[in-house]
Amino acid sequence: MPQTAAAVAERPPGAIVGSEFTPLLRTVKGQGLLGRRHGWYALRITVNALALAAVAVGIVLIGHSWWVLLLAPLLALLSARTAFIGHDAGHSQITANRSVSRLIGLVHGNLLLGMSYSWWNEKHNRHHANPNHIDKDPDVAADVLVFTSEQASSRAGFRRWLTRNQAWLFFPLTLLEGIALKIHGFRDLRRQTSRERTVEGLLLMVHVAAYATLLLTSMPIGQALAFAALHQALFGLHLGLAFAPNHKGMEMPDPEGERWGHLRRQVLTSRNIRGGALTDWFLGGLNYQIEHHLFPSMPRPHLRAAQPLVRAHCRELGIPYVETGIVDSYREALRHMYEVGEPLRGE
């Protein structure tokens, strides 16, 4: 009979050791799955850049017509591709050269999206180190949303209302994520070193100036505002659709309990999404969340090849490997948020 995640987590400390991961790492390395794919990424970066340029030209050519709004969803899709490239650069998936990775991240994050590469990378690396850990993972810290009953019980005022209804509000709130990411990036400049702040701040300002200039010189201000609102809302929604299924509703390590090894810490807290090439494209490879968390520097095109190796290894150790369809993944994530807010609805 398959074991539950809770049962696995209750094994004696001696059963949860780093050596569980070592054989899998050896197999993955032996198959060359950690080797970089420079050509694969060069092609996608080039195609994405050309597509962005084509959209910009389209905005200039038809900006006088309201038909230009049809380009906003396309730009949102391309913005998400841009974010996925920046994400991969942050994990050194594209190249092992840290300076080149940072340059790619700055271009795709700060310059093209107006989103701080340094802020995102620092936050995201903390998430990877301790996924779903209530005290260490910034992605489950109590903010607009909460993820545990303890967090929910301390809410008051408007935030208490948000928590009561967070399952229903989750996707509408993601419409604001595109703007929120930009605001977080500008706020983070205070944390950065002087040199880093100068580079990142300059690129963020160039993005804002170029984006505003493109829209305001191509169309009337009302139309420009409508285009920007639609673009940013759909971009935020796309990112929400890509990141929501990955960990929400999965195991959350007990801060006071047993310390898991790398394999269990990453597998038990992550959820994979089933699908083919279209799913891989739409979710930027994040549908292989388990493999990505186990091997953060693994190039995106190798994640699918690593999946059967990871699944088989988990089966051999009796560790639950969670994989579901995309609709079910959203249902499970929203169910978890609904259950967290349940006590507040009984008031």
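The values are calculated or read from the model by the stated rules, or taken from the named source; none is laboratory data. Just so it is clear, the model here is predicted, and its values are computed rather than measured. Cβ placement follows ideal geometry from the backbone for every residue including glycine, while neighbour counts extend to all protein chains displayed.
Overview of values
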item: Flag for Met337 being outside any helix (DSSP H, G or I), crowded, with 19+ Cβ neighbours inside 10 Å, out of contact with any strand residue (DSSP E or B) (no Cβ under 8 Å at 6 or more places or on another chain) and touching a residue at least 12 places away in the same chain (Cβ under 8 Å); result: no
item: Among the residues listed as Val17, Val8, Val28, Val68, the single one being surrounded by 18 or more Cβ atoms within 10 Å (Cβ to Cβ) and at pLDDT below 95; result: Val8
item: Residue satisfying all of: in region 232-273; charged (D, E, K, R), crowded, with 21+ Cβ neighbours inside 10 Å and touching a helix residue (DSSP H, G or I) at 6+ places or on another chain (Cβ under 8 Å); nearest to Val146 (Cα to Cα) among these; result: Lys248
item: Scope region 90-100; condition over 13 Å from the mean Cα position of the chain (by Cα) and either surrounded by 24 or more Cβ atoms within 10 Å (Cβ to Cβ) or in a loop (DSSP other than H, G, I, E, B) (or both); matching residues; result: Ser92, Gln93, Ile94, Thr95, Ala96, Asn97
item: Of all residues making up region 266-314, the number that are over 24 Å from Phe235 (Cβ atoms), aliphatic (A, V, I, L, M) and over 15 Å from the mean Cα position of the chain (by Cα); result: 9
item: Residues of region 289-345 classified as of a type in the set (Phe, Trp, Tyr) and over 29 Å from Ser149 (Cβ atoms), total; result: 1
item: Counted residues, region 318-334 - those being part of a strand (DSSP E or B) and either buried (at least 16 other Cβ atoms within 10 Å of the Cβ) or charged (D, E, K, R) (or both); result: 1
item: Residue tally, condition surrounded by 16 or more Cβ atoms within 10 Å (Cβ to Cβ) and touching a Lys or Arg at 6+ places or on another chain (Cβ under 9 Å), over region 171-196; result: 2
item: Some residue of region 293-312 being aromatic (Phe, Trp, Tyr), closer than 18 Å to Ala83 by Cβ and not in a strand (DSSP E or B); result: no
item: Entirely in region 157-265, the helices (runs of 4 or more DSSP H) that have 2 or more residues that are closer than 26 Å to Leu344 by Cα and more than 23 Å from the chain's Cα centre (by Cα); result: 157-164
item: Hits in region 268-291 - residues which are closer than 16 Å to Gly240 by Cβ and among the hydrophobic types (A, V, I, L, M, F, W, C); result: Ile273, Phe282, Leu283, Leu286
item: Selected residue (criterion: farthest from Leu162 (Cα to Cα)) from residues of region 315-334 that are more than 24 Å from the chain's Cα centre (by Cα) and without any contact (Cβ under 8 Å) to a residue 12 or more places away in the chain; result: Glu316
item: Of all residues making up region 57-84, the number that are over 26 Å from the mean Cα position of the chain (by Cα) and either touching a residue at least 40 places away in the same chain (Cβ under 8 Å) or in a loop (DSSP other than H, G, I, E, B) (or both); result: 8
item: Asp280 vs. criteria within 30 Å of Gly39 (Cα to Cα) and acidic (Asp, Glu); result: yes
item: Residue list for region 222-257, restricted to those being over 15 Å from Asp137 (Cα atoms) and polar (S, T, N, Q); result: Gln223, Gln232
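Table: residues versus (1) polar (S, T, N, Q); (2) within 18 Å of Phe282 (Cα to Cα).
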{"site": "Pro73", "(1), (2)": "no, yes"}
{"site": "Ala80", "(1), (2)": "no, yes"}
{"site": "Ala83", "(1), (2)": "no, yes"}
{"site": "His91", "(1), (2)": "no, no"}
{"site": "Thr95", "(1), (2)": "yes, no"}
{"site": "Gly109", "(1), (2)": "no, no"}
{"site": "Ser118", "(1), (2)": "yes, no"}
{"site": "Arg126", "(1), (2)": "no, no"}
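Listed here are the residues, each with its yes/no results for (1) surrounded by fewer than 18 Cβ atoms within 10 Å (Cβ to Cβ); (2) within 16 Å of Val340 (Cβ to Cβ).
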| residue | (1), (2) |
| --- | --- |
| Tyr117 | no, no |
| Asn121 | no, no |
| His124 | yes, no |
| Ala129 | yes, no |
| Lys136 | yes, no |
| Phe147 | no, yes |
| Phe158 | yes, no |
| Trp161 | yes, yes |
| Arg164 | no, yes |
